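Colleague: Take this structure first; my questions come after.
Where a number appears in this text, it was derived from the coordinates with a stated rule and is not lab data. These numbers come from a predicted model, not from an experiment. Please note: Cβ atoms are built from the backbone with ideal geometry, for glycine as well, and neighbour counts cover all protein chains shown.
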Amino acid sequence: MSVESNRPGPERAAAAMKAFVRDFTREAAVHMDACIRCGYCAEACHFYTSTLDPKYTPINKLEPFLHAYRRTTAPWAPLARLLGTERPVTISELESWQELVYDACTMCGRCTLVCPMGIDIAALIGRARHGMFAAGLVPEDLRAAAERAETEMSPLGATPKVLKERLEWLVDEHDIEVPLDLPQADVLVTLSSIEIMKYPGSLVALARVLAHVGESWTISTKGYEATNFGMLSGNRDWQRDISERVIAAAIACKAKTVVLPECGHAYGALRWEGANVHGAPLPFAVLHISEYLASLVGSGRLRLKPLNKSLSFHDPCQVSRRGGASRAPRKVLAALGVELRELGDHADAAWCCGGGGGVVAVKRADALRRGAFRIKMEEIDAAGAELLATSCANCRLTFDDGQQFHKWDKAMGSLLELVAERLEA
Amino acid sequence: MTLLELARGPALTVALTVFVAGTLWRIVRLASRPAPRDLSVPRVDAAVTGALHGIVRRFWPHPRFGAKIGFSVFIGYLYHIGLAVIVFAYLPHIAFIRKLIGIGWPALPAPVTYFAGGVTMFALIIALMLRLTDPVKRLLSRFDDYFSWIVVFLPVATGMAAFDTATGFSHGYIAVHLLTVELLLVWFPFGKLMHAGLAFWSRGITGAKYARRGALP
């Protein structure tokens, strides 16, 4: 139970309101003012499409945030208060919207594709979560994961001690080298706790690729965790703390580049938001692992044996649609020589797997998420490729869960692991 | 003072004042919200072209959604174009605008604009039916949506009623028509009709934001 949720209702609602107001920037205000309530965004949302329940219409998930805006900050807010057309947002209203803000939005941004006004609903949901956190209205499992990320450096218990033990085991088991805590390196490599705890093969693959290209690299036990559950939960301070650890570690080892792991939201958190939470441009480049691999392909440093199979690639939303890096994995796949069978909706238009935005961490959202996952299954079955790959461990986790739940005969793989398996001697 | 004198005199002055002052107020209030600078290093330095692309691209649905929302978009286009023809290509309206701001242009034949009026009314009725019957639209709809519909529909309906093919314009109808236009002008800054301008701003912001990331959502 969080400190925030122990306070009286009106106090929590007031805390939410205060946080909401802080988030009513010009972008947010213009977007909220421009909405014509056409409802087209529903057609882009996997949760609406899989349930046909209108409450899952993306813009509807923001209703308390919009209420707060119209009452406090909108151009006609003084008139709205005078005439009583906008009531104050109550704690019960916020409580009833918690499911829509956390369980039913992966912040994939597909709704923005269809919005005739170009409203960035995913960004608004991210802002609305700040107020929800302040009111103690974060689903407990997501909040607990975020708190562990803040206090233990990992949402899944991959503390520095666990990381070291894990790496020692992998080094022994797989005959790899992992330079830990070097005082200086060109590349600081970061990890996702999901990889550390569930997909250690990705760590092995990473070490093999970096050894193959002769990179000067290190992992820092002071800043290795790239996922940012502070951001996903809506705690601005935790988001900054988590990002600052990686930034400080990169500066300490004088890294020219920080390579992010196969994780979607980690890319958004550091590549696009890192400098903003840091308060200054970052003194190093930030690359998602798929971009890093593509750059190695481009420079000729990465030599791969062809993989003569067909493959479908699942685009992690935060890397492709919201991150602008949808070409990078395709460049790597071309270098692998696979027959790429694109899904019906791919790259910027790709459907979300349903587990992003912290949704996969919310147990009570399982049924909703697994229902939405059917969209992905149908697309993949239609493509009929021999292999599947993605570059997000969180997506992979969602696929593994979906595969198990639906007794599906397809398994999601990792782009990085695929590359590591095809390295030329 | 007759109803027509009221509509052409003080009511018009009040309506135009509210329209101009209200629109400016809303724009200034939005512009005065904080706009923190994005400190991330852009992938592509293309904010301006991205904004323009974002504005233009959203004039038609993204190809992935054409089948799902195409009809609704088509109906929207019908009444938007119809309204533009009525307002900007009908001779009495051009004369009215010339009197207000001193600028005029050639008009389309009256039957064409009359036809446009009919199409606009038809499309507006379909749009209202869609709003009332579609569960998503119905859930999202607020007072603003219905009132905005009324203040757009009324001037078209009264304008068409004002034109008597046998005897020319009826002064009584003209007065009512003018008053409905003035109601539209007064409501414009307060509700969703402002999307006529905000659409460009909103699309431009997103276009610029994602262009610097190298993405095109």
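Colleague: Please list 3J(HN,Hα) in residue order for region B:132-145, calculated via the Karplus relation 6.51 cos²θ - 1.76 cosθ + 1.60 where θ = phi - 60°; whole Hz, with x for glycine and proline.
Modeller: Result, ordered by residue: 7, 9, 7, x, 5, 4, 5, 4, 6, 5, 10, 3, 3, 5 Hz.
Colleague: Averaged across the residues of B:53-64, what count of C-beta atoms belonging to other chains lies within 10 Å of each residue's C-beta?
Modeller: Average neighbour count from other chains, rounded to a whole number: 3.
Colleague: Calculate for chain A the 222 nm mean residue ellipticity that helices alone would give, adding -39,500 (n - 2.57) per DSSP H run of length 4 or more and normalising by residue count, nearest 500 deg cm²/dmol.
Modeller: -14500 deg cm²/dmol
Colleague: How crowded by other chains is B:30-37, given as the mean number of beta carbons from other chains within 10 Å of each beta carbon?
Modeller: Taking the mean over all residues of the peptide, I get 5.
Colleague: Neighbour counts of other C-beta atoms within 10 Å: give me A:Asp33, A:Asp381, B:Asp144 arranged from fewest to most.
Modeller: Ascending Cβ contact count within 10 Å gives the list A:Asp381, B:Asp144, A:Asp33.
Colleague: What are the residues whose amide H is under 5 Å from the amide H of A:Leu304, where those residues sit 5 or more places off or on another chain and H is modelled from the backbone?
Modeller: Excluding prolines and chain starts, which carry no amide H, the hits are A:Glu424.
Colleague: Now for a separate question. Hey, with R₀ at 35 Å, roughly what FRET efficiency would A:Ala367 and A:Ser310 work out to, going by the Cβ-Cβ distance, to 0.05?
Modeller: Approximately 0.60, to the nearest 0.05.
Colleague: Is the shape of region A:354-425 rounded, prolate or oblate, going by the alpha carbon gyration tensor and its root eigenvalues a ≥ b ≥ c, with a/c under 1.5 for rounded and a/b larger than b/c for prolate?
Modeller: Cα axes put region A:354-425 in the oblate bin.
Colleague: Sort B:69-77, A:67-75 by packing, meaning the average of other beta carbons within 10 Å per residue, with the highest value first.
Modeller: The densest-packed peptide leads the list: A:67-75, B:69-77.
Colleague: Ranking B:Val151, A:Val419 by Cβ neighbours within 10 Å, fewest first, what do you get?
Modeller: Ordered by Cβ neighbours within 10 Å, fewest first: B:Val151, A:Val419.
Colleague: On a 21 Å Cα-Cα criterion, which of the cross-link pairs A:Lys222/A:Lys363; A:Lys198/A:Lys410; A:Lys61/A:Lys407; A:Lys61/A:Lys410; A:Lys222/A:Lys256 come out too long?
Modeller: Beyond 21 Å between Cα atoms: A:Lys222/A:Lys363; A:Lys61/A:Lys407; A:Lys61/A:Lys410.
Colleague: Using a 10 Å cut-off around each Cβ, can you sort A:Asp172, A:Asp23, A:Asp53 from fewest to most neighbouring Cβ atoms?
Modeller: A:Asp172, A:Asp53, A:Asp23
Colleague: When you look at the Cβ of every residue in B:190-203, what mean number of other chain Cβ atoms sits within 10 Å?
Modeller: 5
Colleague: Also, I was wondering about something else. Please determine, in degrees from 0 to 90 and to the nearest 10, the orientation of helix A:327-336 with respect to the longest principal axis defined by the Cα atoms of chain A, where the helix direction is its Cα long axis.
Modeller: 20 degrees
Colleague: If you line up the long axis of helix A:160-174 against the longest principal axis of chain A, both from Cα atoms, how many degrees apart are they, to the nearest 10?
Modeller: So the helix axis and the longest Cα principal axis differ by about 30 degrees.
Colleague: Let me ask something additional. Using DSSP, restrict attention to beta bridges with both residues in chain A and report what percent are antiparallel, rounded to the nearest 5.
Modeller: 5 percent
Colleague: Moving to a separate point now. In the Gaussian network model of chain A, springs joining C-alpha atoms below 10 Å, which of A:Arg208, A:Arg81, A:Arg374 carries the largest mean-square fluctuation?
Modeller: Of A:Arg208, A:Arg81, A:Arg374, the Gaussian network model singles out A:Arg81 as fluctuating most.
Colleague: So the label point goes 7 Å from the Cα of B:Tyr146 along Cα→C-beta, right? Which residues of region B:121-137 then have their backbone N under 19 Å from it?
Modeller: B:124-137
Colleague: Then there's this: For chain A, with a Gaussian network of springs between Cα atoms less than 10 Å apart, report the residue from A:Thr106, A:Thr90, A:Thr227 with the top mean-square fluctuation.
Modeller: Residue with maximal mean-square fluctuation among A:Thr106, A:Thr90, A:Thr227: A:Thr90.
Colleague: With charges only on Cβ, +1 for K and R and -1 for D and E, what is the dipole size of region A:343-425 about its Cα centre, in debye, rounded to 20?
Modeller: The calculated dipole for region A:343-425 is roughly 500 debye.
Colleague: Let me ask something else about it. How much of the DSSP beta bridge set in region A:293-425 is antiparallel, as a percent to the nearest 5?
Modeller: Bridges in region A:293-425 are about 10 percent antiparallel.
Colleague: In region A:213-315, with Lys and Arg counted as +1 and Asp and Glu as -1 at Cβ, which of these residues, A:His288, A:Leu304, A:Ser243, has the Cα nearest the positive end of the dipole, that is, farthest along it?
Modeller: Farthest along the dipole direction, towards plus: A:Leu304.
Colleague: Right, next: When chain B is treated as a GNM, springs tying every alpha-carbon pair under 10 Å, which of B:Ala35, B:Ala157, B:Ala175 comes out with the largest mean-square fluctuation?
Modeller: B:Ala35
Colleague: Related question: Given axes a ≥ b ≥ c from the Cα gyration tensor, I'd like to know whether region A:1-77 is rounded (a/c under 1.5), prolate (a/b larger than b/c) or oblate.
Modeller: Oblate, because a/c is 1.5 or more while a/b does not exceed b/c.
Colleague: Same structure, new question: Relative to the Cα centre, what is the charge dipole magnitude of the protein assembly as shown, using +1 at the beta carbon of each Lys and Arg, -1 at the beta carbon of each Asp and Glu, and rounding to the nearest 20 debye?
Modeller: 1600 debye
Colleague: Farthest toward the dipole's positive end in chain B, which of B:Val28, B:Phe143, B:Gly54, given Cβ charges of +1 (Lys, Arg) and -1 (Asp, Glu) about the Cα centre?
Modeller: With unit charges placed on the Cβ atoms, the residue in question is B:Gly54.
Colleague: Could you derive backbone 3J(HN,Hα) for region B:150-157 from the dihedral phi with the Karplus parameters 6.51, -1.76 and 1.60 (θ = phi - 60°), listing whole Hz in sequence and x where the residue is Gly or Pro?
Modeller: 4, 6, 8, 5, 4, x, 5, 5
Colleague: List the residues, sorted by chain then number, that are 5 or more residues from A:Leu191 or on another chain and whose placed amide H is less than 5 Å from its amide H.
Modeller: A:Glu225, A:Ala226
Colleague: Run the dipole for chain B about the Cα centre, Lys and Arg Cβ at +1, Asp and Glu Cβ at -1, nothing else charged, and hand back the magnitude in debye, nearest 20.
Modeller: Approximately 1100 debye in magnitude.
Colleague: List the residues, sorted by chain then number, that are 5 or more residues from A:Leu387 or on another chain and whose placed amide H is less than 5 Å from its amide H.
Modeller: Residues meeting the criterion, in which the H sits 1.01 Å from N, are A:Ser310, A:Leu311, A:Ser312.
Colleague: With the cut-off at 1.5 for a/c, could you classify region A:63-108 from its C-alpha gyration tensor as rounded, prolate or oblate?
Modeller: Oblate shape, in that a/c is at least 1.5 and b/c is the bigger or equal ratio.
Colleague: Using the Karplus curve 6.51 cos²θ - 1.76 cosθ + 1.60 with θ = phi - 60°, work out ³J(HN,Hα) for each residue of region A:33-50 in order, rounded to whole Hz, and write x for Gly and Pro.
Modeller: 6, 7, 5, 9, 6, 7, x, 4, 4, 4, 5, 9, 8, 5, 6, 5, 4, 7
Colleague: To the nearest 10 degrees, how steeply does helix A:366-383 sit against the main Cα axis of chain A, on a 0 to 90 scale?
Modeller: Value to nearest ten degrees: 50.
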